[in-house]
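Here is the structure we will look at.
Just so you know, all these numbers are worked out from the coordinates, no wet-lab data involved. Predicted model only: the values in this text are computed from it and were never measured. Here Cβ is always computed from backbone atoms with ideal geometry, including for glycine, and neighbour counts include all displayed protein chains.
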C-alpha cells in the first residue's frame, strides 16, 4: 500500500518532466517543419530551451499584479497536473484515478489561468484575444467531447489505462483508428483547432490585436506561456495516440506515433491562412461535429 | 416530542421573532442565531444522513377524513440541510454592515430576515410532508413565501413577482388536477396507496399524471418553456435574498418531482411508455426537456450584462443537470443529480453574495460599469473565483464532481446527444462566468472606484465559509456522497458505492483527493518555475500597450461590452425571443378567455351564477 503510493508519487513527478522534454522537441519539430516549408535552415537543437532560459532570465519583467502572476502559474501548473493523467509506456500515474472526462476538464484549468492573467493586464487587445480563445474552445471542444463519448462508449470505460490496454491486446486491428476511423478524423480536426495554430490562430492575430493574450506578456510571463505550449503540444498528441493509436507499447513506437500525429496539423498550419472567429465556429461545428456524430452512430450500432 | 417537532418549533419561533422585532436594529443577528439553532437541531438529526430511521412529527391532523402527517427521511434531511445552510449564509451576510446600509437606503432588513425565515419554515414543512395533501399544502406555502421575498424590493420587482405568481398558480392548478385524479384512483392521499396502485395504472393515466405533475412542479424549477419568470424575479431581490432564492428555492420543484414522479409513479413505467412516431420514451422526453433547460438558459445567461441576472439564468440551467442525472436511473446519474443540488447551492450562494458585496461598494451590478476591482476587493474576488470554477464544473471544486457523475452515467448508459447537450451547457457556462469575473474584477479599475475597500468581516466570513465548503466537498466528495447515498436509498434507487475521494469502478473511477493533490502539486511546480525567474516589477494599470498612445485615467480601456462578438455574430440570431412570443400569446389567450367569462357573468344573470356556485360548494362540503 505505502509502496504503491510512493511509486505513484514518483510517477507523478516523472511524467511531467518527460512531457516537458518531449514537448521541447515537439516545438523544435514544429519550427523545423515550418523552416523546411519556407526554405529556411531552421533553429538548432537546443533553441527551444535557450528561448525559455532567456525569457526567464530577462532583466525587464513587467507584472500587472498578483493575478497576472497567478494566471501564469495556473497555466503551467494545470498542464503539469494534466500530464499525470496521461499514461505513457511504463507509467500510468493517476490515470486510473481520473479518467478521460477528468482529463478533458483538467485541460481547461490552464486556459482559465491564462484568461485570468490576461484579464488582470487591463489591455483590451488581451481581453479580445481571450474572448476569441474561449469562443474557439467552445467551438472545438464540442467535436472533441463527442469523440471522447464515442471512444469511451466503444471501450465501455472512461479509464484511459484500460482503453489503451484493450487496444494493445488486439494489435493494430483493435486500435481506435481501425475500429472508429470516422471518429479518428473528427478527433484530428478538433485536435488541430485546439492547438490554436494556423488557420485557427485568430486569437493571437498579431496584425489586428497585437498578439492578443500575449500583448502584455514579456520575460518569464511569456516564458511561462512557452512552457505551456510545450505541454500543450505533448498533451494533445499523446491523448490522440492513446485514444486512436493504441497508446505506447514502448517508448520508441510511442514517440514516433506522437510526433507523426503532431506533424499533420503542423504541416497544415504552415500551408494555410487564418480563419475569422465566426468562420472558425462555422467550420468546426459543421464538419468535425458531423463526422463525430456519424462516428458515434457507427460505434453505437 | 421528536427532534422534528423541535426543528419546526425553532423555525416557527424564528418567523415569529423576526416578524415581531421589525424595528430592532440587531434583528439580523437574532435571525442568524436562530437559524444556527435550526442547523444544529438538524445536525442532531444527522443519523438520517447516514441511513438512520425515519423521524416522525408527533403532531398531525386530518381534513375531511384525510390524515395529514409530517416526517423526515434521508432525502428530506439532505434538502433541509441545504435550505437552512443557504438561509444561514444569507441571513448572516445581511445581519451586519449590509443590513445597516440597507436600512439607511430606506430598506427594512427586518422584513428581509422575516421573509427568509418564513421561506425556511415553509420549505421545512414541504420537505417533511408525509402524504400528497401535506405536500400540496407545503407547496403552496413555499410558493407564496417566495413571492414575499421576491417583491420586497418594490418597483419592478413587484411586476416580476406578479408574473411569477401567475406561473406558480398555473402550476398549482396542474398539481391540484393531478391530485384529484389520484384521489379518484386511490381514494386517499397517502404515498403508499399511490405507490401500490401505480404499477396497475394504464398508459393514459400514467402519461396524464406525469405531465400534470411535471408541468406543475417543473414551473418552479424554471424548466423550458416556463423559464421566463425566474431570472427576473430572483435577480431583483435584495442581495442576500437572491443568494437564498438562487441556492435553494427552485430546488423545491425538483424535490416534488423526485417524490411524486420518480419515487411514487416510478421511472421504470415512464421508460416503458413509447411516444408514437418517435424514438423517444416518455422518460427521454423529460430528459430532453432537462437538456434544453440546460442549454438555452445558459446561453441566455451568456448575453446578460447584469451580474445578478447572469447568475440567475445559470441557476435555471444548472437545474437541468440535476434533473437529467436523476432521470438516468443508474446510481451514478442519480447521485450526481442529488449531489449537484448541494453543490449548486454552495457555489451559487457564494457567487450571489460576492456580487452583493460588489453592489454594496459600487452600487451597481452592471457588467459594463465595473472592472479592476480585484486590487480593491481581493477576498470577494477569491470567493467569486472559487464560485465560478464550481459553477463551470472544473476541478478542483465540487461542481465538477457532480457533473462528472452525470456525464459518466450518460456515457456508460449510451446517451450521446444528451451527453453532448450537457457538455455544451458547461462550455457555455465557462464563457459566461469568465465574462462575469473579467468585467467585474479584472481589467481597468475605473476612476470612481479608486477609493473602494474590501467589504467588512460580517460579509466576508459567510462568503469565505461557503467557498471553503465548495472546495472541501470538491476535495473530499465522499462527505456529501454519504448523505446522497442515504437519500438514494430513501428514494428506492440503487445506492452509489463511493469512497472519500469519489468512486471506484472498473468502468472509470474518480479519486478527487489524488486529482486535487496533483493539481496543487502542479501549481507548486508552476510557482517554483515562475519565481525562479528574474523578479518582476509591478506597474500601474495605465502603464500599458496602447498602440503608441499614452493612456490616461479618463480613457476607458476595458473591453466589456458584447464580450463574445465573434460568437454572437454566429448565434446572435438564435435569440429571437420565440419564448417571449409564446408567453405573450398565452397571456392574450388567457385574458380573452377571462374577458369572455366576465362578459358572460356581467351581462347575463349574475345572481343565478352566484347561486349555482354556492349550491355546488355546499354540495361539495356536505354531500
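Here are the numbers for this structure:
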item: Shape call, the range B:581-622: gyration tensor on alpha carbons, a/c limit 1.5; result: oblate
item: Anisotropy class of the range A:163-301 from Cα gyration tensor, a/c 1.5 cut; result: oblate
item: Sorted by Cβ neighbour density within 10 Å, fewest at the top, the residues B:589, B:470, A:27; result: B:589, A:27, B:470
item: Relative contact order, percent, the range B:279-501 [alpha-carbon distance under 8 Å, six or more residues apart]; result: 27
item: GNM top mover of A:140, A:275, A:105 - chain A, alpha-carbon springs below 10 Å; result: A:105
item: Computed over chain B: relative contact order in percent, which uses C-alpha pairs under 8 Å that are six or more apart; result: 13
item: Relative contact order, percent, chain A [alpha-carbon distance under 8 Å, six or more residues apart]; result: 28
item: The range B:279-311 versus the range A:17-85: alpha-carbon centroid distance in Å; result: 40
item: Percent antiparallel among DSSP beta bridges (both partners in chain B, rounded to 5); result: 100
item: Residue order, fewest to most surrounding Cβ atoms within 10 angstrom, among A:258, A:121, B:516; result: B:516, A:258, A:121
item: Helix axis angle, B:478-491 relative to chain B longest principal axis, alpha carbon, degrees; result: 10
item: Antiparallel bridge percentage (DSSP; both residues within the protein assembly as shown; nearest 5); result: 85
item: Helix B:282-302 vs. chain B, principal-axis angle (Cα, 0 to 90°, nearest 10); result: 40
item: Prolate/oblate/rounded call for the range A:1-159, Cα gyration tensor, a/c under 1.5 rounded; result: rounded
item: CD proxy at 222 nm, helix term only [per DSSP H run n ≥ 4: -39500 (n - 2.57); per residue of the protein assembly as shown; nearest 500]; result: -23000 deg cm²/dmol
item: Helix axis angle, A:251-269 relative to chain A longest principal axis, alpha carbon, degrees; result: 50
item: The range A:131-150-the range B:15-59 distance, computed between alpha-carbon centres (Å); result: 46
item: Order of B:134, B:517 under a 10 Å beta carbon neighbour criterion, fewest first; result: B:517, B:134
item: Whole-angstrom gap from the range A:263-294 to the range B:347-382, using each part's C-alpha centre; result: 38
